[in-house]
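Participant: Before I ask anything, let me first share the structure, which is written out below as structure tokens.
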Amino acid sequence: QLQQQESGPGLVKPSETLSLTCTVSGGSISSSSYYWAWIRQPPGKGLEWIGSIYYRGSTYYNPSLKSRVTISVDTSKSQFSLKLNSVTAADTAVYYCARAQEFWGTGSYYYYMDVWGKGTTVTVSS
Amino acid sequence: DIQMTQSPSTLSASVGDRVAITCRASQSISSWLAWYQQKPGKAPKLLIYGASSLESGVPSRFSGSGSGTEFTLTISSLQPDDFATYYCQQYNSFFWTFGQGTKVEIK
């Protein structure tokens with residue numbers, strides 16, 4: 001059964017770079033049937049999609065974060081990573097990684113998130 | 001971007017009640033809609049995809065309906081384990097967006 005685990009520093013200083021890694025086990029990160037995603041949830045608030053990556057490296061980002069976000073994949077380690085630069089207190093959140101399952105319909109592929117990691121809390125504070 | 005609006009924001013109900021949560025999209029998303037359940041301190045759990053397809057292992061008391069811009073998640077008989085926050089999410093385009101959430105509370 002596929003599992004995903006987020007890891008990285010729980011505390012980041014303002015203006016620095018937040019770096020997280022998601023390790024995938026129990027399944028292949030190199031499958032053509034999936035994208036891999038990052039989502040975050042500020043304390044007491046709703047969910048926000050950050051971006052997604054395919055195993056070959058193609059990416060999609062939330063336009064509101066695009067200038068500060070980089071998502072990368074390392075298939076040899078079965079990991080994908082998130083970097084968010086110039087962080088502020090507004091970036092304090094629980095960060096989740098998730099697998100996005102492929103579905104073919106009306107001439108294109110569509111992806112929904114079916115397996116989520118447990119999440120990791122990141123606090124931005126000096 | 002496609003905005004998703006859920007109603008109500010909070011719903012108070014009793015065990016055994018039939019409850020319905022509505023999600024509206026700012027433009028047509030066909031049937032590219034998922035529903036998630038989230039309990040405090042836990043990751044979201046997929047309930048429904050494709051607007052009406054039940055994820056494997058999810059109890060049949062959960063059902064989804066709708067297409068285009070209006071969607072509904074129905075719980076036919078609310079159980080103690082169902083008190084949680086529910087989110088809809090569109091995946092019509094690769095700019096995925098969520099509704100603001102509906103908290104189902106014990107009445």
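Taken together, the values in this text are just the output of simple stated rules run on the coordinates, not laboratory data. What you see is a predicted model, and the numbers here were worked out from it, not measured in a lab. Neighbour counts run over all protein chains shown; Cβ positions are idealised from the backbone, glycine included.
Participant: What residue, of A:Leu47, A:Leu65, A:Leu11, is surrounded by fewer than 18 Cβ atoms within 10 Å (Cβ to Cβ) and under 23 Å from B:Lys42 (Cα atoms)?
Facilitator: Only one candidate qualifies: A:Leu11.
Participant: Moving on to the next point. Identify all residues within region A:14-45 that are without any contact (Cβ under 8 Å) to a residue 60 or more places away in the chain and among the charged types (D, E, K, R); write none if there are none.
Facilitator: A:Arg40, A:Lys45
Participant: Now, a different point. Going by what's in this entry, would B:Ser14 be described as of a type outside the set (D, E, K, R) and over 16 Å from A:Val115 (Cα atoms)?
Facilitator: yes
Participant: Now, a different point. Please go through region A:115-126 and pick out each residue that is within 11 Å of chain B (Cβ to nearest Cβ) and within 21 Å of A:Pro9 (Cβ to Cβ).
Facilitator: A:Trp116, A:Gly117, A:Lys118, A:Gly119, A:Thr120, A:Thr121
Participant: Mind checking which residues of region B:1-19 are surrounded by 15 or more Cβ atoms within 10 Å (Cβ to Cβ), of a type in the set (A, V, I, L, M) and within 18 Å of B:Asp82 (Cα to Cα)?
Facilitator: B:Leu11, B:Ala13, B:Val19, listed by residue number.
Participant: In region B:76-107, which residues are over 10 Å from the mean Cα position of the chain (by Cα) and closer than 12 Å to B:Leu47 by Cβ?
Facilitator: B:Asp82, B:Ala84
Participant: For B:Ile29, work out the one condition from (1) in contact with a strand residue (DSSP E or B) (Cβ under 9 Å, 6 or more places away or on another chain); (2) on the phi > 0 side of the Ramachandran plot it doesn't fulfil.
Facilitator: With (1) in contact with a strand residue (DSSP E or B) (Cβ under 9 Å, 6 or more places away or on another chain); (2) on the phi > 0 side of the Ramachandran plot applied to B:Ile29, the lone miss is (2).
Participant: Grab the strands (runs of 3 or more DSSP E) fully contained in region A:18-114, keeping just those with 3 or more residues being within 14 Å of chain B (Cβ to nearest Cβ) and either farther than 30 Å from B:Thr102 by Cα or more than 14 Å from the chain's Cα centre (by Cα) (or both).
Facilitator: A:93-105
Participant: Moving on to the next point. Collect the residues in region B:3-35 that are touching a residue at least 60 places away in the same chain (Cβ under 8 Å) and within 19 Å of A:Gln41 (Cα to Cα), keeping them in residue-number order.
Facilitator: Hits for region B:3-35 are B:Gln3, B:Met4, B:Thr5, B:Gln6, B:Ser9, B:Thr10.
Participant: Does A:Ser19 qualify as being in contact with a Gly (Cβ under 6 Å, 6 or more places away or on another chain) and small (Gly, Ala, Ser)?
Facilitator: yes
Participant: Within region A:88-110, take every residue that is among the hydroxyl-bearing types (Ser, Thr, Tyr) and touching a residue at least 40 places away in the same chain (Cβ under 8 Å) and give me the one that is surrounded by the fewest Cβ atoms within 10 Å (Cβ to Cβ).
Facilitator: My answer is A:Thr88.
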